[in-house]
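Asker: Sharing a structure with you now.
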Amino acid sequence: MNFDIPAPSPASPPATGNAAFIQKHAGPGRIGLVGGRDWMTKLIRKAQAPLTRDGHRSLWSHAFVFSERRLDGHWWVIESDLDLRYRQIRLGVQENRVDRYFDDEAFPNLAILDFGLGDAQVLQVQRAGLDLLSGLVTYSITELMGTMLAMHSRRLRRRENLLAKEGALYCSAMVQHCYAAAGIEFLPGVQGKNIAPHDLDESPIPHQTHRLIRDLGISTLREVGHESSEWIRSLTVD
């Protein structure tokens, strides 16, 4: 008796770059950070220069929370974002597949932060995010501007966001809101709506950080200046 055995389907190519990094380090309740290369994300990264140790633009332009791996096999994230890729513009808290960040060229910098949440804390973070999602919380550009103003003053960072709006959150403020439900403040003393993506990475709260960095955030002008200084120094030494 002969049996027709179907040929095995070709194996999918192994994930590389951002995709492989995310698949390795993603987890429910963990925080994702990305640094992009388009003009808007570069502006956000540059605006956080007062928070960096060297005065260069930050590595990060956006933050989100990993929700869970769904029945479709994909990791889903909760984020507050300006999604301009589609004809129907989405502004505010939304759920998306994390594969939107698989593009290595568009998102050269990627980090996943693990604050060691217990199971109960993960549920609190997830529920807080879903509550924001169901409440149709919008993305607040004005709040983001208020945060940028506060970056230049420790006093302002401790106060309520000067341009705060009800029912609105930008990306890292949304992450802080979700984690506050689990009893975590990333920068004690700094108001939640003054938290920037860079603050999440620099939080003094114990956490494990996984990074994939391809763009250090040094401006082209500074790179040229640095190279010129090195060249002049070499001539002087000779």
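The values are calculated or read from the model by the stated rules, or taken from the named source; none is laboratory data. Everything quoted here is computed from the prediction, not taken from an experiment. Glycine gets a Cβ as well: all are built from the backbone with ideal geometry, and neighbour counts include every protein chain shown. Accessible surface areas use protein heavy atoms only, side chains included; no ligands, DNA or RNA. Shrake-Rupley method; radii C 1.70, N 1.55, O 1.52, S 1.80 Å.
Asker: Can you work out the FRET efficiency for the pair residue 180 and residue 105, with r the C-beta to C-beta distance and R0 = 25 Å, to the nearest 0.05?
Answerer: On the way: r = 35 Å, r/R0 = 1.38.
About 0.10, to the nearest 0.05.
Asker: What is the stretch 68-153 by shape, rounded, prolate or oblate, if you read a ≥ b ≥ c off the alpha carbon gyration tensor as root eigenvalues and call it rounded for a/c under 1.5, prolate for a/b larger than b/c, and oblate otherwise? Don't skip to the answer; put the middle values down first.
Answerer: Values: a/c = 1.35, a/b = 1.18, b/c = 1.15.
Verdict is rounded for the stretch 68-153.
Asker: Taking 0.36 nm per residue of separation and subtracting the Cα-Cα distance, what length does fully extending residue 130 through residue 114 add?
Answerer: Computed gain between residue 130 and residue 114 is 3.8 nm.
Asker: Run the quick spin-label model on residue 210 and residue 82: label points 7 Å from Cα toward the beta carbon, then report their separation in nm to one decimal.
Answerer: Calculated label separation equals 3.0 nm.
Asker: Continuing with the same structure: Label-point separation (nm) for residue 37 and residue 71, each offset 7 Å from Cα along Cα-to-Cβ?
Answerer: Once both label points are built, they end up 3.9 nm from each other.
Asker: Express the accessible area of the stretch 86-189 per residue in Å², computed with a 1.4 Å probe while the remaining protein chains stay in the model.
Answerer: Roughly 53 Å² per residue, with all protein chains present.
Asker: Once you place label points 7 Å from the Cα toward the Cβ at residue 202 and residue 24, how far apart are they in nm?
Answerer: According to this spin-label approximation, the distance is 2.7 nm.
Asker: Still on this model: Carbon and sulfur atoms: what percent of the 1.4 Å accessible area of the stretch 64-205 do they account for?
Answerer: On the way: 3760 of 6960 Å².
Carbon plus sulfur share of accessible area: 54 percent.
Asker: Return the loop-located chymotrypsin sites (Phe, Trp or Tyr not before Pro) in the stretch 73-173 (DSSP other than H, G, I, E, B) with at most 12 other Cβ atoms within 10 Å of their own Cβ; answer none if there are none.
Answerer: Those that pass, being in a loop and sparsely packed, are 86.
Asker: Another question about this same structure. Straight-line reach from residue 46: which lysines fall under 22 Å, measuring Cα to Cα and dropping same-chain residues less than 8 apart?
Answerer: Filter leaves 193.
Asker: Hey, another quick one. Can you tell me the FRET efficiency between residue 152 and residue 95 if r is taken as the Cβ-Cβ distance and R0 is 30 Å, rounded to the nearest 0.05?
Answerer: It comes to 0.30.
Asker: If you don't mind, another one. Hey, got a sec? Which GluC sites (Glu not before Pro) in the stretch 122-218 land in a DSSP loop and have at most 12 other Cβ atoms within 10 Å?
Answerer: Taking the stretch 122-218 and a limit of 12 other Cβ atoms within 10 Å, the loop GluC sites (Glu not before Pro) found are 166.
Asker: With a cap of 16 neighbouring Cβ atoms within 10 Å, and only residues DSSP puts in a loop, list the trypsin sites (Lys or Arg not before Pro) found in the stretch 76-171.
Answerer: Taking the stretch 76-171 and a limit of 16 other Cβ atoms within 10 Å, the loop trypsin sites (Lys or Arg not before Pro) found are 85, 87, 159, 165.
Asker: Something else: Within a Cβ distance under 10 Å of residue 178, other residues only, what is the Lys/Arg minus Asp/Glu net charge?
Answerer: Summing Lys/Arg as +1 and Asp/Glu as -1 gives 0.
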